[in-house]
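Below: the structure, in structure tokens.
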Amino acid sequence: MSLGKELLKREEVAYVARTIGQFNIDLKVEVFVRSNDDLINLIEEVKAMDGVKELIWSEIIEVVGRTNHIPAQVLEALKAKAAVKPLR
């Protein structure tokens, strides 16, 4: 977690998330950079950080679409959970 918190201090980092899955990626980091040079420099700096074993990057070339729809069953479950929590 310390690596993730260190990454969050960087201006170009939008978020850091812990992940599991097919490639056993421990952290997923979304960044916004101005140029390819900025990206290359960031990649090299992250690869040099303690605890980084491998770095895989990808970039979005096109957003196919977005949906803001949250399934009704998820909303109901969240409402039920919120109703049980005491307000502070």
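The values are calculated or read from the model by the stated rules, or taken from the named source; none is laboratory data. Note that the structure is a prediction, hence the values are computed from the model and not measured. Please note: Cβ atoms are built from the backbone with ideal geometry, for glycine as well, and neighbour counts cover all protein chains shown.
Screening ASP38 against (1) exposed (fewer than 11 other Cβ atoms within 10 Å of the Cβ); (2) of a type in the set (D, E, K, R); (3) modelled with pLDDT of 90 or more leaves a single unmet condition, (1).
Just a yes or no: is a residue in region 38-46 in contact (Cβ under 8 Å) with a residue 24 or more places away in the chain, among the acidic types (Asp, Glu) and outside any loop (DSSP other than H, G, I, E, B)? The answer is yes; a qualifying residue exists.
Kindly evaluate ASP50 against the criterion of being modelled with pLDDT of 90 or more, charged (D, E, K, R) and part of a loop (DSSP other than H, G, I, E, B). When the stated conditions are applied, ASP50 passes them. Every test in (1) exposed (fewer than 11 other Cβ atoms within 10 Å of the Cβ); (2) of a type in the set (Val, Ile, Thr); (3) part of a helix (DSSP H, G or I) is passed by THR67 save one, and that test is (3).
Within the span defined as region 24-32, every residue fails to be exposed (fewer than 13 other Cβ atoms within 10 Å of the Cβ) and in contact with a Gly (Cβ under 8 Å, 6 or more places away or on another chain).
Quick one: is SER35 under 18 Å from the mean Cα position of the chain (by Cα) and polar (S, T, N, Q)? For SER35, the condition - under 18 Å from the mean Cα position of the chain (by Cα) and polar (S, T, N, Q) - is not met. The residue list LEU78, LEU8, LEU3 contains one member that is without any contact (Cβ under 8 Å) to a residue 60 or more places away in the chain, more than 18 Å from the chain's Cα centre (by Cα) and surrounded by 10 or more Cβ atoms within 10 Å (Cβ to Cβ), which is LEU78.
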